[in-house]
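J.: Here it is: the structure, laid out below.
The values are calculated or read from the model by the stated rules, or taken from the named source; none is laboratory data. Predicted model only: the values in this text are computed from it and were never measured. Every residue, glycine as well, gets a Cβ built from its backbone with ideal geometry; the counts of neighbours run over all protein chains shown.
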Amino acid sequence: MKKFWQLLLTAMLAVLLLAACGNDKKKEEAPDSSDQTSEETTTDEVKDTTYPYTLNDASGEDITFEKAPESVISLLPSNTETLFAIDAGDKVIAVTENDDFPAEVAELETVGNFTVNVEKVISLQPEVVFAHEMMLDSSEEGINQIREAGIPVVVVPNAGNFEETYEAIQMIGEVMDKNEEAAQVIEGMQAKVAEIKEKAATITDKRRVFVENSDVPEIYTPGKNTFPQQYLDMINAENIVTEDGWVMISPETIVNENPDVIVVMYSYVPDIIEKIKKRDGFDTVTAVKEDRVVQVEENITSRTGPRLADGLEVFAKAIYPEVFGE
C-alpha cells in the first residue's frame, strides 16, 4: 500500500494529480482541456533578462535578482527538466530523490523526496530555489524558512495545460537569463504538437479510450479538465469518462462502457497488462479482445515540462499506432 501511494504522489508531483493519503479523493487544478491554439513562440526578438529583475511568483511574493543565479536547487522534477532543457543544468547543485531525468541528475545532491530537507537546502546556500505552487499547502512553512535564511525561492505556478507549461518554462528562462533557450524549447514543443494534431485530423473513426491511473480496488481515471483529456482531444480520441476531474470508477462500469483502448499510466504493479485482461468480465471488452491494453511511461506523459509534447506523442502512438507509429 505504501508503494501504491508513493506512485500516486509521484504522478501528483508531475501533473498535479494531488493524490491525498488515506480516504481523500484525487483532485487536480482544473486545466482547460480544450484544443487550444495560440501564437507560436519565436526567438527572433527574444531579449536577455535585464537586471535587477523582479518577478511575482505563484505565492504572491516579489523576488528580485541582481544577476542570473549561479547555483540552483530544484524541488520538482518538471522544474529540473526545464533547467536542463534551457541549458542551465550546470547551475543545478541539488534536486529531489524523485528526479530521474536527464541522466546527469543522478550525480547531484538530493534534498528529500516528497518532504523537503529544509536544513540541507539552507546548508547548500543556493542562489535560488525553484519550488512549485502545489507545494504551498504542505511545504509553505519550509519555503518560508528557506526565505528567512536569505535564499530566494521562486514558486513556479501550476500548469494545467500546454499554454501554462510554456509560461512556466519561460518564467524559469527569465530568472536564469536563458530566454532564447527557453523560447527554442517552447518552439520545439509547439512544432511537435502541431505535427501530431495535423496527423490526428485525418482520423475519421474515433476510438473510445479508458485511461487508468491506479489498480483495483480503487481505480482512478481522468475525466474532463485533466491533462490526459487534453491529450485525447488533441489526437481525436474519445474519453469514456464524462465526469470532471479525477474520479474513481468501478470495473463493472469500465466493462459496460466497452472502451476500444485501455491506457495504463502507472508501473507500480508488476504485469499489470495481463492482470487487467484477467479481471472479471474484461474478456468481453473490445480493448482486451483486440489486444489494445497499453502501458505508457508515466513520467513522460505526466510531467508539465519540456517533455510534455513527447507525452502527447506517446498517447497518440498508444491509441492510434497505425497513424502515429514509426
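J.: Please name all residue pairs, on different chains or six or more residues apart, with Cβ atoms under 7 Å, provided the first residue is in the stretch 296-325 and is within 22 Å of residue 156 (Cα to Cα) and the second residue is surrounded by fewer than 22 Cβ atoms within 10 Å (Cβ to Cβ) and hydroxyl-bearing (Ser, Thr, Tyr).
T.: Listed by first residue and then by second, the contacts come to 298/266; 298/267.
J.: How about the stretch 89-126: which of its residues are part of a loop (DSSP other than H, G, I, E, B), in contact with a helix residue (DSSP H, G or I) (Cβ under 8 Å, 6 or more places away or on another chain) and crowded, with 18+ Cβ neighbours inside 10 Å?
T.: Of everything in the stretch 89-126, those that are part of a loop (DSSP other than H, G, I, E, B), in contact with a helix residue (DSSP H, G or I) (Cβ under 8 Å, 6 or more places away or on another chain) and crowded, with 18+ Cβ neighbours inside 10 Å turn out to be 96, 98, 99, 101, 111.
J.: Which of the strands (runs of 3 or more DSSP E) found entirely inside the stretch 202-251 contain at least 3 residues meeting this: touching a Pro at 6+ places or on another chain (Cβ under 8 Å), under 14 Å from residue 264 (Cα atoms) and not hydroxyl-bearing (Ser, Thr, Tyr)?
T.: Values: elements: 208-212, 219-222, 246-249.
Here the list reads 208-212.
J.: For residue 151, work out the one condition from (1) touching a residue at least 40 places away in the same chain (Cβ under 8 Å); (2) within 16 Å of residue 57 (Cβ to Cβ); (3) of a type in the set (Val, Ile, Thr) it doesn't fulfil.
T.: (1)
J.: For residue 82, state whether it is hydroxyl-bearing (Ser, Thr, Tyr) and assigned to a loop (DSSP other than H, G, I, E, B). Give the steps one after another, and end with the answer.
T.: Numbers: hydroxyl-bearing (Ser, Thr, Tyr): yes; assigned to a loop (DSSP other than H, G, I, E, B): no.
The answer is no for residue 82.
Yes or no, residue by residue, for (1) within 18 Å of the chain's Cα centre (by Cα); (2) at pLDDT 95 or above; (3) closer than 19 Å to residue 309 by Cα:
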site	(1), (2), (3)
214	yes, yes, no
236	no, yes, yes
240	no, yes, no
244	no, no, no
258	no, yes, no
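J.: Which residue, of 174, 198, 164, 180, is among the charged types (D, E, K, R), more than 30 Å from residue 53 (Cβ to Cβ) and not in a loop (DSSP other than H, G, I, E, B)?
T.: 198
J.: Also, I was wondering about something else. Mind checking which pairs have a first residue in the stretch 123-141 that is modelled with pLDDT of 95 or more and a second that is part of a strand (DSSP E or B) and among the charged types (D, E, K, R), Cβ under 9 Å, 6 or more apart or different chains?
T.: Close Cβ pairs (under 9 Å, with a partner that is part of a strand (DSSP E or B) and among the charged types (D, E, K, R)) amount to 124/109.
J.: Here is a further query. All but one of (1) closer than 16 Å to residue 77 by Cα; (2) of a type in the set (Val, Ile, Thr); (3) crowded, with 20+ Cβ neighbours inside 10 Å hold for residue 146; which doesn't?
T.: (1)
J.: Residue check: is residue 121 β-branched (Val, Ile, Thr) and outside the structural domain of residue 58 (by TED's automatic domain parsing)?
T.: When the stated conditions are applied, residue 121 does not pass them.
Yes/no per residue for (1) out of contact with any helix residue (DSSP H, G or I) (no Cβ under 6 Å at 6 or more places or on another chain); (2) touching a residue at least 12 places away in the same chain (Cβ under 8 Å); (3) buried (at least 22 other Cβ atoms within 10 Å of the Cβ):
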site: 219; (1), (2), (3): yes, yes, no
site: 224; (1), (2), (3): yes, yes, no
site: 231; (1), (2), (3): no, yes, yes
site: 238; (1), (2), (3): yes, yes, no
site: 241; (1), (2), (3): yes, yes, yes
site: 259; (1), (2), (3): no, yes, yes
